[in-house]
Structures are given as structure tokens and as C-alpha cells.
Amino acid sequence: MAKNLYITSINAESGKSATVLGLMELLLRDIRKVGFFRPIINPKNPNERDHDIDLVLSHFYLGLQYEETYAVTLDEAKHFINSGRQNDLMGIILNKYQQLGEKCEFVLCEGTDFKAGHESFNFDIDASIAANIGSPAFIVSGAQETSAEEVVSLSQLAIDSLHEKGVDTMGVIVNKAKPGDKENILNALRNSISRPELLFYVLPEEPTLSNPSMNDVKKWLNAEVLYGKSELGKRIDGYVIAAMRIENFLNYLKDDSLVVTASDRSDIILGSLASRLSSAYPNVSGILLTGGQTMPPSIKRLIEGWTGLPVPILLVQDSTYPTVDALHDLKGTIDPDNPQKIATALGLFEEHVKTRELKQKLISRKSTRVTPQMFEYKLIREAKKNKQHIVLPEGTSDRILQAADILMRRNVCDITLLGREEEIGTKILKMGLELDGVNIINPERSPQFEQYVLDFYDMRKEKGVTMDMACDFMADETYWGTMMIYQGAADGMVSGSVNTTAHTIRPAFQIIKTIPDFSIVSSVFLMCLKDRVLVFGDCAVNPNPTAEQLAEIAIVSADTANLFGIEPRVAMLSYSTGSSGKGAEVEKVIRATEIANKKRPDLLLEGPIQYDAAIDPSVAKTKLPDSRVAGKATVFIFPDLNTGNNTYKAVQRASNDSLAIGPILQGLKKPVNDLSRGCTVHDIVNTVAITAIQAYASKKK
């Protein structure tokens, strides 16, 4: 079953609140703990609470605190976006969502509140958030003042936009359809949008929901309630501006209208109240007095002596013109303290939405899409679950120090920095970093130095290492860090932002060594595409592996995929698919596939196969129609380093949405990972998190 659902609208005043109420009630019938989350709220002032959050929390008693149910305000979101910090914004939203998600079995998410003229901006934000939390989406559209053709056009555009972002769309709910338009809109959606898996529902306009109440007027204008507080639930169906004489004004009264007049017009006030007693005149919903003046004592006395005053009377300070101007922007809301409106909304939803069909779709739907930022967030979360101790030999590097600061602030792992204490301490102060909990070691001054030298000498003396050479090796931070892992003083190491790949890996070969039954160390890149994560190997270590080595790379790469939550379906790549080609390189891949299948018959592994047949379902249908791997491969094993390195870089550069994380070394007893010398601070943080996850996994073997 899906674990979440994202409700996003494609125009302002779409009736999203009523849809949320209906869906929440539907979910609570079968799910004990349902959460509600609004990534971005848009309060009119800092002290105002979000209307829809209050509505859901008060009506459904979810047991959540208000602060748990949203991440940022719209102004804060715009500030992040305008300053080019979209990733920081998404990180905050993901973190807040995950905290809520850990408490709940299901989370219903409601997108941003659209403002006229900003629909495209808001929808794009919603689509990005839905993609990054891995949620399918339901589109809500308002049909007021919109033709069936426009509804279809907007819906198709929204579906396409969500698909572009990697979001699964469950369907479209159209609210506020004109009387008699329901079937026209439904038929137009079904006939024009050729997606049979989508659900389409149309709800007719219900005036009791869309029209404002006297209470809405009170809140919108911050009006004072003079009389009739118990009658604030009355619905308003139009405004009558009273500026003429009483005998003329009475001719303009209509049922459920709001009378707006200056507070010194006693004749209008009394005439409006008297009209409620006469069957010859319509019944008004209330009176709104402008200008802020108090009524004459005699009028107040008359009103206060009227038992059971049938209409509320409100007072605002503004004059009539700006008050009426403000009323034009007022829309009806479903208030938490209006059970009649809530019941109407729920009844409307149940009548026009096939709830059994919708529930079945939710049960069968689970988004499998993973965005780069979602994957990065999962890395950090998994690393934090079982904190490990990671050593960073390049302790004097600015980027390493900045990454360590981030890792410590986020409590991802314990860290040891290697290098001269004075130099590292000076840099920390100069850069304004907080690294109080970090362990700093200068190998040559360490109490363990002599023991490490002896241990390394014993380990390598048969390879010609003398005691003096062992001292030199242990004075090198990379060798020292590797020995810390061997001795159990650290769980993993990350290096390479300054040192070469060879200098990072060589100590691991000499000290830690490979996993039993494996002869080589290899590497993979985690290729985070816009909607999924793939594993590419080997793209960094072995120039031209033999068939036996290629089989090892395939097996260990599949295990790495599993470690990071990627179901392994392994494609052994070649320039030939199946038996279509010949040559030494094809034969090598055929042999490697046979060896890997014999060693690990549990794996879904196939080769030789070309890249297009491995990744594209349509090509796979032609080239390998009966394959369980073709068209849906997740692990891609390249025949040599030249092919792998060029391909991963081409895939990474072909799309702005792609991210390559790695290289991740595999095959060692304990993890050591190499950084590119051009790596960013962000890359270092990711690699440390990956190393921590590998370290914990190695302890469980």
C-alpha cells in the first residue's frame, strides 16, 4: 500500500480543503495512525495558524501537535528559492516530513495555497516536494468560471508536469462544477486524457461551501461582533451596499445578502432588522457597519431589547468603499467550528467520489520513484540509525573540515581528523566551525604510534618492509587511518580530496585486504537519476577485468545495491545482446555471466546485453522479450574501465537532474572510500554517510 498521498491543486479556490476532509475520513476508516502534513503554509501574519491544519486537527483528533504538521511558510520558501538554496529548502521539508512519517502509518499531504497569477510557481513547488518525498499525487481543480475544455487542458498539463518531475499521478478531482456539467466534464477528461489507470471524479458546486459566512466576514475584516454572535454561521449570497434612502434601499434586498452601510445610518440598520419580521421582504444574513462609529444609545437600547436577534451585526473601522473592495476577495471556508459545513463537504465527497475504487487504488499503489535528494536524505537517515566512527586522514583540508562540521551538526557519525592539532585547531577557529566533539590525532604524537609501527612491520616484513619503513608508513595519515580501521579504533575511512586514488586504496590492499573468496577491490557509482537510482560498476578501479573478476564485480555490486535499498537486477553489458554478436569481449561477458550465475543463482543477472536493452522497456521487448532483467535493470556492469568511466560521466552530464555518488569501493573487509580531488563538501558528506552504512553492514556479516 502507498504510505502517502499528495494533494495538489492547479488553480486558486479549487476546493482543496473539502477534498482533504473526504480523503482523511476515508483513510481513517482502515488506518489507525494517519498523519497530516503541509510542507508550505501561507499565513497572513506571523501569529495566524494555517486554516486547513486547524480544520483537520480539530475535526479528526489525530493526536498531532500543530508544529509537527508543516515545514516552512511561503515567504520562507520564496527566500530559499530566490537565494538559490532550493536544496536547503527541500532538506528542511524532507526532514520535517520524515519526523512525522516515523510516527504514522500513512501521511496525507496538502500542497501550497495558490494565489491568482502564481499558479505555475506554486504547482512546480508542489511537484518537486511530491517527487522528493516519494508520494503519488492527486490533482484538484476548480471548475468555477472554467469550461470543460479548460479543465481538461489544465489537468493534462498538470499530469505531464508531474510526470516530468517523476511523480505518479493517481487521478483528478474537479470541484465546483456548474449544475448539469458533471457528466460533460467527466466525459471530456476520460476521452481526452488517454490514461485508463487514472481516476476522475467531478463534484458539483455547493453554495453552502463556496459562499462565505458571517464568521468568514468577521475573520477576513477583523470585525467586531456587536450583536448576534450565535448567528455567525449564516451563509452570505451577495452584498447590498446601502447608500440610498430607506424606502429605496428596501427594494434591493435579497435572501441571504449582507447589508453594508455606514455605522451612523440608523434608518438602514432598523429597516434591515425589520425586514426579517415581514414576510413581504427577503431575509438578510447580517449587517456590516463601516466607519467605526458607535450607534446612538437609543438604537442600541432598541436592539438590545430585541429577544432572539435574528441577524448578527458587525463593525469595522474602515469606511464603506475599502470595506466593500476587501469583500470582493473574500471566499467561503470550511471552519473547524462549523460542523454543518464539514458535514456537507463530507457528504458531497461520499456522494460523488467512488470511495471503494479510490481506496483500492491506494492499496495497490506504491511509488517506486526515487529522486536524488530523496536518496541523499535516506543515506543520512540510515547512517544516523547506527552511528559509526569514520576517520578522515586529510584533516587539514578546508572541505574536509566543512564537511565534518555538517556531519557533526547532523549527528551522522563520530569523526576522527588526522593531522597536526595546531594547524587543524587554527583552521577550525578561522573558519568559524563547531567541531568540539571531533577527535584530532597527529599520528607521530599518538601513544599508539609504536604499536601501530610494530603491527605494520609484522604484517609486511615478508614483503621487504623494514622497521624504518614501517615508521615512515605510519607517519602517513592515510596509512595511519587504515591501521585504525584494522585495529578497530575506527569503522571506516574516507580520503582522496587531496590524495590520489592510488594513495587512498593501496594501504587498504596491504592492511585490510579483501573479503574472503574475493580477489579484487572494485567500485560502483550510485547514479541518481530524476526518478530512480542505478548502480554502475566498475567505473574507477579495474582497467580490464578478466571474466572471473567481472563476475566478482557483478556479485559484489548486487550486494552493494541491496545495501542501499536498490533491488538488484544485474545487466552484464556488452556491445552485443544475447547471441547477436561475436568477439573476444563478448565471450568474456558470456563467461562472466556463467560464473556469476553459478556462484549466485539467487540473483536476477543476465548478459551479454546492450545498455539500451537493459534500461529501456520498449527496446527490451524487441531484443529480449522474455527477460526478467532487460528493460528494468538496476545494476549495470561494464566490461572495462574505459567504457564504465565514460558512460557514467555521459549519463551524469546529460541531465541537470542527475547526480553521481561515488566511487564507492567494494570488496574490502572494512570500508575505505575514495573521493575525487574535485569533490565538493556535499560529496564528502554523502561519501562519509555511505561509508558509515557500509561499516555497520560489515559488522553484521
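Each reported figure results from applying straightforward, stated rules to the coordinates on display, with no laboratory input. Fair warning: this is a prediction, and the values are worked out from it, not measured in the lab. All Cβ positions, even for glycine, are placed from backbone atoms using ideal geometry, and neighbour counts span all protein chains on display.
Some values worked out for this structure:
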| item | result |
| --- | --- |
| Fraction of beta bridges assigned by DSSP in the chain that are antiparallel (%, nearest 5) | 20 percent |
| Region 38-83: mean projected area of Cα convex hull, nm² | 3.3 nm² |
| Rounded Å value of the spacing that divides the Cα centres of region 455-497 and region 242-282 | 93 Å |
| Cα centroid separation - region 645-665 against region 285-359, whole Å | 58 Å |
| Amide H contacts of V535 (H built 1.01 Å from N, under 5 Å, at least 5 apart or other chain) | M527, V635, F636 |
| Projected-area average for region 188-273 over all orientations - Cα convex hull basis, square nanometres | 9.0 nm² |
| Region 214-331: relative contact order in percent, alpha carbon pairs under 8 Å with at least 6 residues between | 33 percent |
| Region 223-303: trypsin sites (Lys or Arg not before Pro) in DSSP loop, at most 12 other beta carbons within 10 Å | R245 |
| Listed peptides 537-550, 326-339 by packing density, highest first (mean Cβ within 10 Å) | 537-550, 326-339 |
| Whole-Hz couplings from phi, Karplus 6.51/-1.76/1.60, listed for region 174-182; x for Gly and Pro | 9, 9, 6, 6, 5, x, x, 8, 4 |
| For the chain, calculated [θ]222 nm from helices alone, where every DSSP H run of n ≥ 4 adds -39500 (n - 2.57) | -13500 deg cm²/dmol |
| Between helix 51-60 and the chain: long-axis angle, C-alpha atoms, 0 to 90°, nearest 10 | 90 degrees |
| Mean Cα-pair separation over length for the chain, i.e. relative contact order, pairs under 8 Å, 6 or more apart, % | 11 percent |
| Under the Karplus curve 6.51 cos²θ - 1.76 cosθ + 1.60, θ = phi - 60°, whole-Hz ³J(HN,Hα) for region 609-625, x wherever Gly or Pro sits | 8, 7, 4, 5, 6, 6, 9, 9, x, 5, 5, 4, 4, 7, 8, 9, x |
| Chain lengthening between E67 and S266 when straightened (0.36 nm per residue, less Cα-Cα) | 67.0 nm |
| Per-residue HN-Hα couplings for region 326-335 [Karplus 6.51, -1.76, 1.60; θ = phi - 60°; Hz; x = Gly/Pro] | 5, 5, 5, 8, 7, 10, x, 10, 9, 7 |
| Cα pair distances in region 609-669, grouped into 10 Å bins until the bin that holds the longest one, percent each | 20, 42, 32, 6, 0 |
| Separation between Cα centres of region 147-202 and region 673-688, rounded to whole Å | 44 Å |
| Placed amide H near A137: partners under 5 Å, 5+ positions off or other chain | Y6, D168, T169, M170 |
| Amide H partners (placed H, <5 Å) of L258, local residues excluded | D237, G238, Y239, V240, S285 |
| Distance (nanometres) between label positions extended 7 Å along Cα→Cβ at R85 and K463 | 4.7 nm |
| Rounded, prolate or oblate (a/c below 1.5 giving rounded, otherwise prolate when a/b exceeds b/c) for region 214-331 by Cα gyration tensor | rounded |
